[in-house]
Amino acid sequence: MPVLLFIVGINFVGVGALIPVLPLTVIESGYPASVMTLLLASYAFAMFIGNPVLGRLSDHFGRRLMLFGSLAVGAAAHAWFAFSDDIVTMFVARIVAGFAAGNTGVIQAMIADRTAPEKRAQYMGFLGAAIGIGFVAGPALGGLLSEVGNGPVHQAPFLLAAGFSFLALLMTIRLKAPEGGRLPSHSAESGIYQRVRALLVSPLAPYALVSLALNLSFAQVEASFVLVLRDYLDYGPRETGWLFAYVGVCIILVQAFLIRRIVERFGEVSTVRTGGIVLMLAQVLTALLVLGMLPASGSPLVQTLLVTTGICFGYAIATPAISSAASRLAGAGTMGGALGMIQGFGSLGQVVGLVLAGPLYDLGGSQYPFGFGAAVTLVMLALVPSLTRPATEEEAG
């Protein structure tokens with residue numbers, strides 16, 4: 001398990017390095033925000049396709065093989081983007097990288113394969129913490145490297161991402177094959193359409209819809225936050241990188257230290273609700289921040305840190321609780337496919353959210369995407385009572 005978490009952390013250092021530079025690369029090339037968010041959406045859409053495909057293939061051929069292959073493709077795609085100088089090539093490279101990044105369900109299934117059901121929320125939290133570590137170091141490195149070399153601002157950070165993906169690939173050699181990682185051939189017989197239908201009539205259907213709504217909401221943050229920092233604080237890639245490093249610290253605090261206690265106290269379903277409430281309130285406050293309607297207007301950095309903390313805590317609380325509860329409802333033989341499908345619905349929400357975020361920003365500023373995100377989070381909260389609680393879950397209070 002430590003090796004797997006180390007792989008995740010290494011890989012997300014590379015992914016995190018792209019955050020401060022990718023949106024600004026497109027904007028500073030003269031394209032509107034809608035093109036920038038379409039580029040982000042193309043990556044997310046490829047993840048939507050990749051998650052169920054790689055998850056189901058991992059049920060059939062083994063988790064480690066799918067993880068190894070996806071990391072190899074991701075490393076190549078990042079290197080390709082580093083030397084891209086036109087928008088079409090950038091789109092193609094990001095689509096390939098997005099499909100490879102669809103290994104999230106595979107990684108979650110590897111964790112679920114190796115942990116007892118009652119400890120899954122804790123280990124899903126460790127997964128989030130490993131991602132958070134990547135997002136501490138990655139954005140800071142990406143911001144610093146944006147000023148290195150004579151190439152485009154994105155070149156050095158993307159080469160760093162390729163290097164870290166390759167290092168994570170090498171680390172998979174040390175992983176032992178998960179028990180039961182290779183399943184009988186009939187586990188992969190049904191097509192995607194049949195699997196989606198089966199999911200939508202199963203107890204996991206509400207989890208897929210909640211994941212879709214949560215990621216649709218959070219996509220507004222993903223697409224617009226760099227622009228908020230630019231417009232509100234006049235931040236460039238370096239300063240943005242340091243603030244995103246703070247985001248990573250928040251994720252680590254929640255998912256390494258707090259999530260297990262929260263789940264033990266409230267149960268997984270109530271934890272999803274708690275995270276959603278915190279996220280919605282922080283999104284509303286961000287919209288008010290952009291409009292200049294919060295008190296202490298002379299301290300914009302303090303205000304930004306407060307709303308950022310709320311957004312990070314809300315999303316970081318809800319996400320592992322959804323994955324943990326869903327893994328306990330899914331059968332062991334189909335866990336990779338089930339978690340992959342749920343992650344796929346999350347990616348679909350991300351795609352739709354990113355596509356909408358650009359036009360909403362172009363409509364008049366960041367208050368529109370953040371206000372829309374808060375409304376979607378409210379819809380997600382309305383869906384939470386329909387979540388089926390795992391049989392062994394004990395709700396406190």
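The values are calculated or read from the model by the stated rules, or taken from the named source; none is laboratory data. What you see is a predicted model, and the numbers here were worked out from it, not measured in a lab. Quick reminder, even Gly has a Cβ in these numbers, built from the backbone with ideal geometry, and neighbours come from all protein chains shown.
Would you point out which residue out of Phe83, Phe68, Phe91, Phe48 is out of contact with any Leu (no Cβ under 8 Å at 6 or more places or on another chain) and of a type in the set (A, V, I, L, M, F, W, C)? Working first, answer last.
Values: Phe68 fails: out of contact with any Leu (no Cβ under 8 Å at 6 or more places or on another chain); Phe91 fails: out of contact with any Leu (no Cβ under 8 Å at 6 or more places or on another chain); Phe48 fails: out of contact with any Leu (no Cβ under 8 Å at 6 or more places or on another chain).
None of the other options fit; the residue is Phe83.
Could you grab me the full set of residues in the range 233-257 that are part of a loop (DSSP other than H, G, I, E, B) and touching a residue at least 24 places away in the same chain (Cβ under 8 Å)? Spell out the reasoning first.
Quick first cut of the range 233-257, residues part of a loop (DSSP other than H, G, I, E, B) only: 234-236.
Result: Gly236, single match.
Out of curiosity, is Gly298 modelled with pLDDT under 85 and in a loop (DSSP other than H, G, I, E, B)? I'd like the intermediate steps shown before the answer.
Numbers: modelled with pLDDT under 85: yes; in a loop (DSSP other than H, G, I, E, B): yes.
For Gly298, the condition - modelled with pLDDT under 85 and in a loop (DSSP other than H, G, I, E, B) - is met.
List every residue pair whose Cβ atoms sit under 7 Å apart, with the two residues 6 or more apart in sequence or on different chains, where the first one lies in the range 155-171 and is free of Cβ contacts under 8 Å to residues at least 60 places away in the same chain and under 21 Å from Arg64 (Cβ atoms) and the second, anywhere, is buried (at least 22 other Cβ atoms within 10 Å of the Cβ) and among the aliphatic types (A, V, I, L, M).
none
Name the residues in the range 142-159 that are hydrophobic (A, V, I, L, M, F, W, C), surrounded by fewer than 22 Cβ atoms within 10 Å (Cβ to Cβ) and not in a loop (DSSP other than H, G, I, E, B), would you?
Leu144, Ala156, Leu159
Collect the residues in the range 258-270 that are part of a helix (DSSP H, G or I) and surrounded by fewer than 22 Cβ atoms within 10 Å (Cβ to Cβ), keeping them in residue-number order. Give the derivation first.
First, the residues of the range 258-270 that are part of a helix (DSSP H, G or I): 258-266, 268-270.
Of everything in the range 258-270, those that are part of a helix (DSSP H, G or I) and surrounded by fewer than 22 Cβ atoms within 10 Å (Cβ to Cβ) turn out to be Leu258, Arg260, Arg261, Ile262, Glu264, Arg265, Phe266, Ser270.
Among the residues of the range 381-392, is there at least one that is aliphatic (A, V, I, L, M), in contact with a helix residue (DSSP H, G or I) (Cβ under 6 Å, 6 or more places away or on another chain) and at pLDDT below 90?
Taking the range 381-392 first, the residues aliphatic (A, V, I, L, M) are 381-384, 387, 391.
Pick out the ones that are also in contact with a helix residue (DSSP H, G or I) (Cβ under 6 Å, 6 or more places away or on another chain) and you get 381, 383-384, 387.
Adding the requirement that they be at pLDDT below 90 leaves 387.
Yes, the conditions are met somewhere in the range 381-392.
Within the range 67-92, can you find the residues that are crowded, with 23+ Cβ neighbours inside 10 Å and within 17 Å of Gln155 (Cα to Cα)? If you could, list the steps in order and put the result at the bottom.
Taking the range 67-92 as the starting set, the residues that turn out to be crowded, with 23+ Cβ neighbours inside 10 Å are 67, 70-71, 74-75, 77-78, 81.
Residues satisfying the conditions are Gly74, Ala75, Ala77, His78, Phe81.
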